[in-house]
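See structure below.
The values are calculated or read from the model by the stated rules, or taken from the named source; none is laboratory data. Everything quoted here is computed from the prediction, not taken from an experiment. Glycine also receives a Cβ, built like all others from the backbone with ideal geometry; neighbour counts cover every protein chain displayed. What goes into the accessible areas is simple: the full protein's heavy atoms, side chains included, and nothing from ligands, DNA or RNA. Shrake-Rupley method; radii C 1.70, N 1.55, O 1.52, S 1.80 Å.
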Amino acid sequence: MKHQAMWFVVISAVALLAGCHRSDPVSGEDAATGSGSAMIKVLSNRADLISGGDALVELLPPADAPDGAMRVSVGGRDVSAAFAKREDGRITGLVTGMALGRNVLTASFPGGARGSTVIVNHPNGGPVFSGPQLQPWTCQEAAVDAACNQPPEYSYLYKSINPLMPQLLPYDPENPPGDVASTTTDQGVTVPFVVRVEIGYQDRNQYRIATLFQPEQPWEPWAPQEQWNHKLLISHGGGCGTRFNTWNAPTTDYSGTFDFLPAGLGPLLGDSPTVALGLGFAVMSTALNDNGKNCNIVTQAESLMMAKERLVEAYGPLRYTIGTGCSGGSITQQQVANAYPGIYQGILPQCSFPDSWSSATQVLDYRLLRGYFESPAKWALGVIWTPLQWAAVEGNLLPVNAIVSDIGYFDAFLPHTPKTGLDPALQYHHETNPGGVRGGVPDAMINVLGPRQREVWTPNEQALGHGFAGVGLDNTGVQYGLETLRQALITPDMFLDLNAKIGGFDIDVNPVPQRMVADRPALTNIYRSGALNVGNNLSEVAIINLTGPDVGIAHDAYRAFAVRDRLTLAQGHHDNHVIWYGPVVILGDPGFTAQGLVAMDRWLAAVEADTRDLPLAQKIVSDRPADLKDRCVTSSLATPDGFTLPILSGLLDPILGPVLAPILDPLNAILYPVLAPAFGLVVDPVLETVCGPGLVGDLVTTRFSTARVVAGDALSTLTNKCQLKPLDRSDNYGALGFSDAQWARMQEIFPQGVCDFGLPPVDIQPTIPWQTYQDEQGRVIYGGRPLPPAPVGVANGWTGAAFRSGP
């Protein structure tokens, strides 16, 4: 840890320099300028990142300007009629119909004052900064053009007073049902629980926006309906993958976090979108931030930016934005929050993963280890492995975790497996169609990763005249099973046989005998892009991580602590990071998502109310409510100290809790220390004072990790390629050590040396925020470059003044 802290100080210093290339947070008063003393603010996005031809704009004439008509034009076209002094005293208007590219917006006021700004408009179908788009692409059936554009459609839902119908039901404004419930928002406004859902298309894919809505009343961005609290919850989808067609955005009406469940079950598990809607939040999602279908951090961020712009233009400025989501939803939240600060002000990652690309090492290791462990014919004479020894090398209690992960995630990296929306006849095959479309996650991210360098090209790449997308990870020098050898759980011969035969993958993700070597410049680019999340831009984000034990479903709770370690390395503390741990497998507790939303709202509201002249990062820490801290729930919805098996607790406690509690509580002190180790649960001594004294009050965390951690990596798991050190027989290889013959074998297996995880990972650097992957002509910039400083007018509509930061 000491070595890691030293090298992270270095990359943190580099981060400060990188930050000089992006716009600094600005106050509303500094956000616009112009000739004379007239000012213009572009509210809905950065003025050079506008899309779809629309922008919400505020005009600020000089305080002493005489009354009279003003003239506003864009590109020489008079748009004065769009502007007026609104009830709040501000002069705002929605400018529409802008041409693609540069648009000069000019405002002239009585008395001669003038102001102007340049708005750069991008296609509604994208891209804005993500670079050339994935091709070929199949749009939805109703699309009006090849960019998948389609006019927004609106529908209505309502919540019934019937407690047996927790899901939202279809609502007909022309024939309203008689069982509509009412809700009182967090602003004290009571209205019928009727929700309008807007479904539209941007960036060649779908977005959804849902709000409480009174159909008989108007809604303008400068005069929204009173039940909206100007807060936004973004829901996400799980998994990791690639598609070549348009698909539906994660539902914002009833499931959101638990998007993998059948319709209607989300509210039964305390899902947060319905709760958020009832409190007055807008709830939004985009198809491209469904990580299971788009594992690309840059297109995720671009679609979220475009959808937030749409929301501000149609509904009005925001106070702050909160993210929620499980599994792949946690990936999107955490990696986008770090690489594109300002999109979220608070996040609620559940079933947590920090990002896609540090998890990729675990997924690929699992496939390699399974290829060895589950093929006894590969084992040397006299080498015999048990499944429990497999699991120990994999960093888990049982090998089922590797199997589930392998089945669920490995195919996402393959260039040749069938992909939705891609004609099989067009798909790459290294023999039958070497010039076909490659469909793996790296291939979809070639703008980010960059093509491979010529010296490593395969014959197919040579024949095509270009490199495939690089893969920014390897296993060169990794000593698989090192900790298990030290603990005498395996023998030296087992250790040697495994490491001699583990092998690696070629660029087509086929197993090969030799170890993998990370591609350049992909290795550098996964760090600088944020696809591997080092956490250096998360200090201005409030985080509540929701988690529970994993008994083999590939969502290890250790990842919450990996994020915590990364924050500590990046910023010297983790005071903006809270962990809630519960007994329900993966989720932690059925009530966590809704409770987390309410708690996050209190946290951000406290920051919003803080008028001190302090950096936002400092306010995030100092304004965290005193009762909002690490916590554990040992029995879901039963008594605070009750105990049931983690896998059953959340399902049975609501029904059997009152019956079982009198029986279980007296036995708790006996049951817990006996059963907890069987499920990989241990008391975390660092956090036990937070969760309270005593056995059952302590925070429990799974002791599971990864094959790389067992090989010597830190829990932060930031190393996708390690620095090597020469083999040293005096290193700790267990009590038995190696015989001369065994040591000679080690030298054959690791001729270049072995990983030194105490040194910085190869090519590690801070994430550079707000990069663009295209130049002014739309040509690709592989690996990206920082956006220039913000032009006149920034996204003041994204947040209140207390949170001003971002693009």
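Structure summary
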quantity: Any hit, the stretch 116-131, residues being open to solvent by 60 Å² or more (accessible area, probe 1.4 Å), in a loop (DSSP other than H, G, I, E, B), at pLDDT 95 or above and farther than 16 Å from ARG310 by Cα; calculated: no
quantity: Hits in the stretch 605-616 (condition: open to solvent by 30 Å² or more (accessible area, probe 1.4 Å) and among the aliphatic types (A, V, I, L, M)); calculated: ALA605, ALA606, ALA609, LEU614
quantity: GLY200, sole failed condition from (1) within 30 Å of GLY52 (Cα to Cα); (2) of a type in the set (Gly, Ala, Ser); (3) open to solvent by 20 Å² or more (accessible area, probe 1.4 Å); calculated: (3)
quantity: Hits in the stretch 104-115 - residues which are open to solvent by 10 Å² or more (accessible area, probe 1.4 Å), at negative phi and not aromatic (Phe, Trp, Tyr); calculated: VAL104, THR106, SER108, PRO110, ALA113, ARG114
quantity: Residue within the stretch 381-389 that is open to solvent by 40 Å² or more (accessible area, probe 1.4 Å), more than 13 Å from the chain's Cα centre (by Cα), at pLDDT 95 or above and among the aliphatic types (A, V, I, L, M) present; calculated: yes
quantity: Subset of the stretch 541-558 [open to solvent by 10 Å² or more (accessible area, probe 1.4 Å) and either assigned to a loop (DSSP other than H, G, I, E, B) or within 16 Å of ASN338 (Cα to Cα) (or both)]; calculated: VAL551, ILE553, HIS555
quantity: Test: residue in the stretch 718-735 that is among the small types (Gly, Ala, Ser) and open to solvent by 50 Å² or more (accessible area, probe 1.4 Å); calculated: yes
quantity: Subset of the stretch 81-95 that is more than 30 Å from GLY125 (Cβ to Cβ) and assigned to a strand (DSSP E or B) - its residue that is most open to solvent (accessible area, probe 1.4 Å); calculated: LYS85
quantity: Residue count for the stretch 426-469, restricted to those that are part of a helix (DSSP H, G or I) and either closer than 26 Å to GLY784 by Cβ or open to solvent by 40 Å² or more (accessible area, probe 1.4 Å) (or both); calculated: 17
quantity: Any hit, the stretch 59-74, residues being among the basic types (Lys, Arg) and over 27 Å from GLY778 (Cα atoms); calculated: yes
quantity: Candidates ARG745, ARG779 - the one that is within 17 Å of GLY131 (Cα to Cα) and of a type outside the set (Val, Ile, Thr); calculated: ARG779
quantity: Any chance TYR366 is touching a Lys or Arg at 6+ places or on another chain (Cβ under 6 Å) and open to solvent by less than 20 Å² (accessible area, probe 1.4 Å); calculated: no
quantity: Odd one out for ARG602 among (1) open to solvent by 30 Å² or more (accessible area, probe 1.4 Å); (2) in contact with a strand residue (DSSP E or B) (Cβ under 7 Å, 6 or more places away or on another chain); calculated: (2)
quantity: Single residue of the stretch 736-753 satisfying the filter (open to solvent by 30 Å² or more (accessible area, probe 1.4 Å) and assigned to a loop (DSSP other than H, G, I, E, B)) that is modelled with the lowest pLDDT; calculated: LEU736
quantity: Residue in the stretch 574-589 that is over 18 Å from THR547 (Cβ atoms), buried (at least 18 other Cβ atoms within 10 Å of the Cβ) and either of a type in the set (Gly, Ala, Ser) or touching a His at 6+ places or on another chain (Cβ under 7 Å) (or both) present; calculated: no
quantity: Some residue of the stretch 50-63 being within 18 Å of PRO317 (Cα to Cα) and of a type in the set (S, T, N, Q); calculated: yes
quantity: In the stretch 470-489, the residues that are under 22 Å from THR386 (Cα atoms), in a loop (DSSP other than H, G, I, E, B) and either open to solvent by 10 Å² or more (accessible area, probe 1.4 Å) or polar (S, T, N, Q) (or both); calculated: GLN479, GLN487, ALA488, LEU489
quantity: Enumerated strands (runs of 3 or more DSSP E) restricted to the stretch 180-240, each holding at least 3 residues that are under 25 Å from the mean Cα position of the chain (by Cα) and within 30 Å of GLY131 (Cβ to Cβ); calculated: 194-202, 205-212, 231-235
quantity: Tally of residues being in a helix (DSSP H, G or I) and either within 22 Å of GLY342 (Cα to Cα) or out of contact with any Gly (no Cβ under 9 Å at 6 or more places or on another chain) (or both) across the stretch 571-592; calculated: 1
quantity: Contacts under 7 angstrom Cβ, first residue in the stretch 505-525 being over 25 Å from HIS429 (Cβ atoms), partner open to solvent by 60 Å² or more (accessible area, probe 1.4 Å), 6 or more apart; calculated: ARG520/GLN453
quantity: Residue count, the stretch 44-80 (criterion: in a strand (DSSP E or B) and either open to solvent by less than 50 Å² (accessible area, probe 1.4 Å) or in contact (Cβ under 8 Å) with a residue 12 or more places away in the chain (or both)); calculated: 13
quantity: Residue within the stretch 585-608 that is out of contact with any Phe, Trp or Tyr (no Cβ under 6 Å at 6 or more places or on another chain), of a type in the set (Lys, Arg) and under 24 Å from GLY800 (Cβ atoms) present; calculated: yes
quantity: Candidates THR246, THR286, filtered to the one that is more than 24 Å from GLN214 (Cβ to Cβ), open to solvent by 10 Å² or more (accessible area, probe 1.4 Å), modelled with pLDDT of 85 or more and of a type in the set (Val, Ile, Thr); calculated: THR246
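Yes/no matrix, rows are residues, columns are (1) in contact with an Asp or Glu (Cβ under 9 Å, 6 or more places away or on another chain); (2) modelled with pLDDT of 95 or more:
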residue: ALA223; (1), (2): yes, yes
residue: GLN227; (1), (2): no, yes
residue: GLY239; (1), (2): yes, no
residue: THR242; (1), (2): yes, yes
residue: ASP271; (1), (2): no, no
residue: VAL298; (1), (2): no, yes
residue: GLU302; (1), (2): yes, yes
